[in-house]
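Just below is one structure, and these are the notes that go with it.
The values are calculated or read from the model by the stated rules, or taken from the named source; none is laboratory data. Values in this document were obtained by computation on a predicted structure and should not be read as measured data. A quick note on method: Cβ atoms are made from the backbone with ideal geometry, for glycine too, and the neighbour counts reach across all protein chains shown. Keep in mind that these areas ignore ligands, DNA and RNA; they rest on the heavy atoms of the full protein, side chains included. Shrake-Rupley method; radii C 1.70, N 1.55, O 1.52, S 1.80 Å.
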Amino acid sequence: VQLQAFGGGLVQAGDYLRLSCAASGRTFSNNAVGWFRQAPGKEREFVATISWNSGIIAYADSVTGRFTISRDNAKNRVLLQMNSLKPEDTAVYYCAAAYRPYSGSHPREYRYWGQGTQVTVSS
């Protein structure tokens, strides 16, 4: 399965963005999907994950209360709504489909990775 993340951009602190992750090749409706991000000079870090049926959702502490992950299996798409953006949210954001229907926060649990989309938040 090929994943594509899009929706990034340059915004000001306090603004919002909505990222989308689309799958092609085959459905990822049976896989958990996660969002990760990587800032320059830093390791890739977990942002959020959603199970195959949206029954289990988890967020990194740094985005809890500001970001919301959701999915539409009929459209083979996962969204990340990012509100109240901060300069420290600046990074390349990646979506990834896990090996299993439920997954956690470690990148090793994710099999398919899309190309990232740049999010830049100015102060």
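Restricting T64, T49 to residues that are crowded, with 22+ Cβ neighbours inside 10 Å, polar (S, T, N, Q), modelled with pLDDT of 95 or more and over 21 Å from T120 (Cβ atoms) narrows the list to T49.
Annotation for segment 9-16: no member residue is over 12 Å from the mean Cα position of the chain (by Cα) and without any contact (Cβ under 8 Å) to a residue 12 or more places away in the chain. Among the residues of segment 1-18, the one identified as closer than 17 Å to R66 by Cα, of a type in the set (A, V, I, L, M, F, W, C) and assigned to a loop (DSSP other than H, G, I, E, B) is A13.
Of the residues making up segment 67-109, those that are open to solvent by less than 40 Å² (accessible area, probe 1.4 Å) and in contact with a Cys (Cβ under 7 Å, 6 or more places away or on another chain) number 2.
There is at least one residue in segment 103-120 that is part of a loop (DSSP other than H, G, I, E, B), in contact with a helix residue (DSSP H, G or I) (Cβ under 9 Å, 6 or more places away or on another chain) and over 21 Å from A13 (Cα atoms).
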